[in-house]
Amino acid sequence: MTAIDDLFSRLKASGKKALMPFITAGDPNLPFTAKVLSRLQELGCSMAEVGIPYSDPIADGPVIQASYTRALANKVKLDHIFHQIADTKRSLSMPLVSMVSYAIIHRHGPARYIEAAKDAGFSGAIVPDLLVEESAQFAKLCREHDFNLVQLVTPTTPQDRALKIAEQSSGFLYFVSVTGITGERTQLPDGLVDRVGWLRERTKLPICIGFGISKPEHVRLLSPVCDGLIVGSAIVRCLEKANESEANAIASASELVSSLLAALDS
Amino acid sequence: MSTVTPNANAASSEAIRQVPDAQGRFGQFGGRYVPETLTRALEELTQEYAKAKQDPDFQAELNELLHRFVGRPSPLYHAARLSKQLGGAQIWLKREDLNHTGAHKINNTLGQALLTLRMKKTRVIAETGAGQHGVASATACAHFGLPCVVYMGAEDVRRQKPNVFSMRLMGAEVRPVESGSRTLRDAVNEAMRDWMSSVEHTHYIIGSVIGPHPFPMMVRDFQSVIGRECREQCLSSFGKLPDTIVACVGGGSNAAGMFYPFVEDRSVRMVGVEAGGRGAAPGDHASPLTYGFPGVLHGSYSYVMQDEDGQTSDVHSMSAGLDYPGVGPEHSYWKDASRVEYTSCRDDEALGAFDFLARNEGILTALETCHAVAKATEIAKTMSPDQHLVICLSGRGDKDAAELARLRGQEW
């Protein structure tokens, strides 16, 4: 049982939902990432998703792409990220999950990646370019290491395939709200609540919805049908001017997160 | 130029043509490393292509287009003056540069445009480096009345202006990509992102033997018309198979199409030539098969230029079409099976080959193709006059005139 499994069983027992912000590791530097993570926990976030910067992220919109570019321009390396997270995690109780391309995992060696990520304090990984068909070996390694491999379901996933993906996923299931790339949306697609609801009745795995979520009304609409909400680009955008003023960036992200948390509790 | 070594431990010839498997694996290479959002479209494409392949009507329509619209079969031309000049093997040029639009790329775009219609998709996107695939996509789309958006790195928009203009003349929208290195790799990223949102009604015509399954197999099949024709033309022109075939490799579509029909002919030596750029130092070339390692990029597992963290490395080639850090998975498979030899050729050597062919044969050759020409002339010199060497002359050089002038500090 990982810290993520534990979190969702506690949330379920108390009838609560998770808010899971995404931030990019090393944007613009790793000490800042550490400060933001601590602040997110203080505000009441249940867990956080940490993006490992990648040079060719095809599922990401301009905001997250730009954050990866900033981090890589500052020469952030995976070893440095793990080192910083290990240090920060000592004072963090909330679980962390890494969002990472399989290009990076493969280059480091899947077992080595899992071991290093786990040692650093990550409880699992979301690997957006590792389809369920290609994931058998990596999934087995994750199970052996008690490390969650979070799989994704999207609006283009047929129902029978969604059930198969839910069976293979661990920790939670990442339900992608839109057909497209990451980034804030004013409106979420019609039928989203029904599609999540359909899957909700057919899997015991916690379901978290991500992509496009940026407003309290999104949270109010979706939280009744899922176990958690993932907010990425909207937060990364708040943090993108950290180079000018870290305090302002954190204040702006805090304001957004607080409004989303308030919507979650309402 | 790095040395070409003869085939060592060759894989069994029976097995080497039976790829990929149902998962799109060429040995360990290939597969599908893409976001879940694209899976349904890739499955649909796989199934539709399998049906089309067996459908005589589809094949007849494509062959008719290749004949009357493209002008196939392209000639196999005996470069007698060039051969004599070098004093080695007889050099034959498979004239893909004489196809409509000036390169081999049209073989693939017409096939995929027909599939787009069969799948009832209403919009096409494409990426392009040198612009030849962009032009071929724009052409196929104009022919069938499909709207077409072409993503092209901003640096490539600059160095391949004539092609940008041609695409626009045929009604395609060219979107310059300003991210990253502003070259082919970034154009692929942007096209993939477009497809993530538009996948339900848009087909992405990938221009090379790269990307997730079924693209590497399908593009190879559409380009294999080059090798099939060449095989027959060799037999009718000089009564036997060629001794050596040379083609340039960026993503590797002209090479795959040329090589594939010959992979079981063990007597035929095949050489793929990558872009050696300014030299062997990291960042100075675009030769993943020569200097890279297996890794994941743009949806498949293949040799790639990456740093120790798995970040794609910046690469360099003066030719926009070869300026790419990855390569098709089947080339990786052929490399590891020692069926094809891969080597690289520097910018300056390719420029020399441009002049050599221009002045000795009256052919202006695309800078991409010049890499193959340079290596081939070197190999030909080591062969005897009763031997035959074929170069896949994949594209014409008119598009490069302005860039050549710039590289040489001449007025245009």
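(1) more than 30 Å from residue B:197 (Cα to Cα); (2) within 18 Å of the chain's Cα centre (by Cα); (3) not small (Gly, Ala, Ser): which one isn't true of residue A:58, the others all being true?
Here residue A:58 meets the rest and fails (1).
Under the condition of being within 14 Å of chain B (Cβ to nearest Cβ) and more than 17 Å from the chain's Cα centre (by Cα), which residue from the range A:167-187 is surrounded by the fewest Cβ atoms within 10 Å (Cβ to Cβ)?
Across the range A:167-187, the extreme among qualifying residues is A:168.
Just checking, how many residues over the range B:308-330 are touching a Pro at 6+ places or on another chain (Cβ under 9 Å) and surrounded by 23 or more Cβ atoms within 10 Å (Cβ to Cβ)?
Within the range B:308-330, residues that are touching a Pro at 6+ places or on another chain (Cβ under 9 Å) and surrounded by 23 or more Cβ atoms within 10 Å (Cβ to Cβ) number 9.
Among the residues in the range B:139-150, are any within 14 Å of chain A (Cβ to nearest Cβ) and touching a residue at least 24 places away in the same chain (Cβ under 8 Å)? Can you show your working first?
If we filter the range B:139-150 for residues that are within 14 Å of chain A (Cβ to nearest Cβ), which is where we start, we get none.
Scanning the range B:139-150 turns up no residue that is within 14 Å of chain A (Cβ to nearest Cβ) and touching a residue at least 24 places away in the same chain (Cβ under 8 Å).
Could you list all residues from the range B:191-212 that are on the phi < 0 side of the Ramachandran plot, assigned to a loop (DSSP other than H, G, I, E, B) and within 14 Å of another protein chain (Cβ to nearest Cβ)?
Across the range B:191-212, the qualifying residues are B:199, B:200, B:201, B:206, B:210, B:212.
Test residue A:219 against the stated conditions and say whether it is part of a helix (DSSP H, G or I), of a type outside the set (Phe, Trp, Tyr), closer than 24 Å to residue A:5 by Cα and under 19 Å from the mean Cα position of the chain (by Cα).
Numbers: part of a helix (DSSP H, G or I): yes; of a type outside the set (Phe, Trp, Tyr): yes; closer than 24 Å to residue A:5 by Cα: yes; under 19 Å from the mean Cα position of the chain (by Cα): yes.
For residue A:219, the condition - part of a helix (DSSP H, G or I), of a type outside the set (Phe, Trp, Tyr), closer than 24 Å to residue A:5 by Cα and under 19 Å from the mean Cα position of the chain (by Cα) - is met.
Do any residues in the range A:158-170 that are within 19 Å of residue A:8 (Cα to Cα) have Cβ atoms under 8 Å from those of residues that are of a type in the set (A, V, I, L, M) and in a loop (DSSP other than H, G, I, E, B), where the two are at least six apart or on different chains, and which pairs are they?
Every condition considered, the pairs that remain are A:166/A:205; A:169/A:205; A:170/A:205.
Suppose we filter B:188, B:164 for residues that are touching a His at 6+ places or on another chain (Cβ under 7 Å) and part of a helix (DSSP H, G or I); which single one remains?
Numbers: B:164 fails: touching a His at 6+ places or on another chain (Cβ under 7 Å).
One residue alone meets the criteria, B:188.
For the range B:279-286, check the following and say yes or no: at least one residue is under 27 Å from residue A:72 (Cβ atoms), within 14 Å of chain A (Cβ to nearest Cβ), surrounded by fewer than 22 Cβ atoms within 10 Å (Cβ to Cβ) and not charged (D, E, K, R).
Yes, the range B:279-286 has at least one match.
So which residues in the range A:134-162 are assigned to a helix (DSSP H, G or I) and within 14 Å of chain B (Cβ to nearest Cβ)?
Correct list: A:134, A:136, A:137, A:138, A:159, A:160, A:161, A:162.
Output the residues belonging to the range B:72-105 that are within 25 Å of residue B:321 (Cα to Cα) and touching a His at 6+ places or on another chain (Cβ under 6 Å).
The answer is B:92, B:96, B:105.
Looking at the range B:290-339, which of its residues are facing chain A (nearest Cβ under 10 Å) and either in a loop (DSSP other than H, G, I, E, B) or touching a Cys at 6+ places or on another chain (Cβ under 6 Å) (or both)?
If the condition is that a residue be facing chain A (nearest Cβ under 10 Å) and either in a loop (DSSP other than H, G, I, E, B) or touching a Cys at 6+ places or on another chain (Cβ under 6 Å) (or both), then B:298, B:299, B:307, B:308, B:309, B:310, B:311, B:313, B:314, B:325 are the ones that fit.
Residues to consider are B:219, B:157, B:177; find the one that is within 12 Å of chain A (Cβ to nearest Cβ) and of a type outside the set (Ser, Thr, Tyr).
B:177
Can you list the strands (runs of 3 or more DSSP E) found entirely within the range A:1-116 that contain at least 3 residues being more than 14 Å from chain B (Cβ to nearest Cβ) and on the phi < 0 side of the Ramachandran plot? Don't jump to the end; show me each part of the working.
Details: elements: A:18-24, A:48-51, A:96-99.
The strands (runs of 3 or more DSSP E) meeting that bar are A:18-24, A:48-51.
Restricting the search to the range A:93-139, which residues are small (Gly, Ala, Ser) and either touching a residue at least 60 places away in the same chain (Cβ under 8 Å) or under 27 Å from residue B:38 (Cβ atoms) (or both)? Spell out how you get there, then give the answer.
The first filter runs over the range A:93-139 and keeps only residues small (Gly, Ala, Ser), leaving A:93, A:98, A:101, A:103, A:109, A:111, A:116-117, A:120-121, A:123-125, A:135-136, A:139.
Once the filter is applied, which keeps residues that are small (Gly, Ala, Ser) and either touching a residue at least 60 places away in the same chain (Cβ under 8 Å) or under 27 Å from residue B:38 (Cβ atoms) (or both), the range A:93-139 yields A:98, A:101, A:103, A:109, A:117, A:123, A:124, A:125, A:135, A:136, A:139.
Which one is surrounded by the most Cβ atoms within 10 Å (Cβ to Cβ) among residues in the range B:115-162 that are in contact with a Leu (Cβ under 9 Å, 6 or more places away or on another chain), under 25 Å from residue B:397 (Cβ atoms) and β-branched (Val, Ile, Thr)?
B:128
Out of the range B:249-289, which residues are of a type in the set (Asp, Glu) and part of a loop (DSSP other than H, G, I, E, B)?
Scanning the range B:249-289 gives B:264, B:265, B:284.
Could you list all residues from the range B:15-67 that are more than 14 Å from chain A (Cβ to nearest Cβ), basic (Lys, Arg) and under 24 Å from residue B:118 (Cβ atoms)?
Pass one, the range B:15-67, residues more than 14 Å from chain A (Cβ to nearest Cβ): B:15-19, B:26-27, B:48-67.
When the remaining residues are screened for being basic (Lys, Arg), the result is B:17, B:51, B:53.
B:51, B:53, listed by residue number.
If I filter the range A:119-131 down to residues being over 16 Å from the mean Cα position of the chain (by Cα) and more than 8 Å from chain B (Cβ to nearest Cβ), which single residue comes out as surrounded by the fewest Cβ atoms within 10 Å (Cβ to Cβ)?
Step one: of the range A:119-131, the residues over 16 Å from the mean Cα position of the chain (by Cα) are A:119-120, A:131.
If we keep only those that are more than 8 Å from chain B (Cβ to nearest Cβ) as well, we get A:119-120.
On the way: A:119: 12, A:120: 21.
That would be A:119.
One line per residue, one yes/no per condition, for (1) at pLDDT 95 or above; (2) over 23 Å from residue A:62 (Cβ atoms); (3) of a type in the set (Val, Ile, Thr):
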| site | (1), (2), (3) |
| --- | --- |
| B:143 | yes, yes, no |
| B:173 | yes, no, no |
| B:177 | yes, no, yes |
| B:199 | yes, no, yes |
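The values are calculated or read from the model by the stated rules, or taken from the named source; none is laboratory data. Please read all numbers here as calculations on a predicted model, not as lab measurements. Ideal geometry is used to build each Cβ from the backbone, glycine not excepted, and the neighbour counts take in all protein chains shown.
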